[in-house]
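The values are calculated or read from the model by the stated rules, or taken from the named source; none is laboratory data. Because the structure is a prediction, the values reported are computed rather than measured. No Cβ is skipped: glycine too gets one built from the backbone with ideal geometry, and neighbour counts run over all protein chains shown.
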Amino acid sequence: MTIPPTAPSVLIRAARVIDPASGMDQIADIAIAAGSIEAIGSDMDTIGYDRVIEGEGMILSPGLIDPHVHLREPGQMHKEDIESGTNAAVTGGFTTVCCMPNTSPALDSPEMIEFVRSRAEQVGHCRVFSVAAATQGRKGQRLAEIGLCLDAGAVGYSDDGDVIESASMMKSVLQAVKTTGKCFMQHCQELTLTSGAVMHAGTVSAKLGHKGWPREAEEIIIERDIRLNKSIGCHYHIQHMSSGNSVEIVARAQREGIPVTCEASPHHLLLTHEAIETQGTMAKMNPPLREQSDIDALKQGIADGIITILATDHAPHTNDEKRDTLAGAPFGIIGLESALGLYHKALVETGIIDWPKLIELLTINPARLCGLDSMGLGSITVGGPADLTLIDPDCSWTLGESDLVGKSQNTPFLGWTMGTRSVMTIVGGDIRNERAFSSVH
């Protein structure tokens, strides 16, 4: 991501500034100059700024951060690439994304980490950090170049898309990642329980005649890894949690002081396995959509502070790929453009959490997960980077194909009406996305 050397000076006036990192939640002005936050105050003089934005009625938050996206570059650029994926990110209000290593070749070496950094610098619309593969080629057999990837800028480790199947290798990974001070992100899937499965094991899979994917496939891996990590103490992070039972497993580990965190994704908070009957392959994802009881448990886990991060698992696929049979189509959906509105619908409109908590789950918590808080990301501080998201908290809009600016449109949420939306995304003081709203002039 290239920030212009002379980014314009901007004053945002009278917005509701919510910065969970500092506890700020008040009407304030934010002044931006040379890519940084110059001042925070009230009734500031507008003279001398290149742009003045009247933010009355808007929420101004730290730039949203997504720690779990698939940009598909290198190797699958027909689905997405760094340029298109980061455009989708800023459209949705995200100023930073962390890309997963299941590319071709995998992000398992310092050269590959440097490749992503260089490409993002050239064509990215927002900040891009790499999560490096934990094993060579993500094959789960040999450790990747853990230390060298750290030196090249990796912000975490994962074999995402695949579980590390061997307990022995998993222990070695936890030990190696522990030395870096970074987190390990696990894709929790016990493979012998999921071979040939395309959806949740329940009444819908039985009705449609498909092999079911049980909750235990997720829960067994979580329990195994927590036990392995008990004496190691690596920061262990569970990706895209889907089973309600997993919440209690994590809660128990957290009570014991084991460093484990977890994330939820929009689809697992809003859709059940019944969506397969109406949406077909657009509702096929890994882990699969489950039941209302799981949604309720995940939401309660968020309310109780057990699940502390929200991440999209943005997974682009082409229309042709998703037109395949349920058995043949790939898993996954996109999420960057619609995530904020969907999270609001699932969590704020239902009274599970309030705006400050939602912003915490989308900014400072993922920043801390990946060590980005040390760079000033995820918070609003004088002298810190001017990465900001301006949000209309009361904006009814319906997701249409024209709202999807990435290369792929594989989402079951087309036609959904949401009640909030990002209206401006500022990265390093540079306005990277803007849509009309009445207070901008």
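Rundown of residues vs (1) modelled with pLDDT under 95; (2) under 25 Å from LEU191 (Cβ atoms); (3) crowded, with 24+ Cβ neighbours inside 10 Å; (4) over 23 Å from the mean Cα position of the chain (by Cα), yes/no style:
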{"position": "ALA133", "(1), (2), (3), (4)": "no, yes, yes, no"}
{"position": "LEU150", "(1), (2), (3), (4)": "no, no, no, no"}
{"position": "ALA154", "(1), (2), (3), (4)": "no, no, yes, no"}
{"position": "TYR157", "(1), (2), (3), (4)": "no, yes, yes, no"}
{"position": "ALA167", "(1), (2), (3), (4)": "no, yes, no, yes"}
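Quick check on ILE82: is it without any contact (Cβ under 8 Å) to a residue 60 or more places away in the chain, surrounded by 24 or more Cβ atoms within 10 Å (Cβ to Cβ), within 16 Å of the chain's Cα centre (by Cα) and not assigned by TED's automatic domain parsing to the domain that holds MET24? Against the criterion (without any contact (Cβ under 8 Å) to a residue 60 or more places away in the chain, surrounded by 24 or more Cβ atoms within 10 Å (Cβ to Cβ), within 16 Å of the chain's Cα centre (by Cα) and not assigned by TED's automatic domain parsing to the domain that holds MET24), ILE82 qualifies.
Mind telling me which of the residues GLU218, GLU165 ends up being assigned to a helix (DSSP H, G or I), in the same structural domain as GLN239 (by TED's automatic domain parsing) and out of contact with any strand residue (DSSP E or B) (no Cβ under 6 Å at 6 or more places or on another chain)?
Numbers: GLU165 fails: assigned to a helix (DSSP H, G or I).
Just one listed residue meets the conditions, GLU218.
In summary, VAL97 fulfils each of the numbered conditions (1) of a type in the set (A, V, I, L, M, F, W, C); (2) more than 30 Å from VAL163 (Cβ to Cβ); (3) assigned to a strand (DSSP E or B); (4) not assigned by TED's automatic domain parsing to the domain that holds ILE32 with the single exception of condition (2). Only residues that are surrounded by 22 or more Cβ atoms within 10 Å (Cβ to Cβ), of a type in the set (Ser, Thr, Tyr) and out of contact with any helix residue (DSSP H, G or I) (no Cβ under 9 Å at 6 or more places or on another chain) were counted in the stretch 369-389, giving 0. Listed by position, the helices (runs of 4 or more DSSP H) enclosed by the stretch 241-292 that each have at least 3 residues that are within 21 Å of LEU326 (Cβ to Cβ) and assigned by TED's automatic domain parsing to the domain that holds GLU190 are 266-270, 275-279.
Taken over the stretch 386-408, the criterion of being assigned to a loop (DSSP other than H, G, I, E, B) and within 15 Å of LEU60 (Cα to Cα) is satisfied by ALA386, ASP387, PRO393, ASP394, CYS395.
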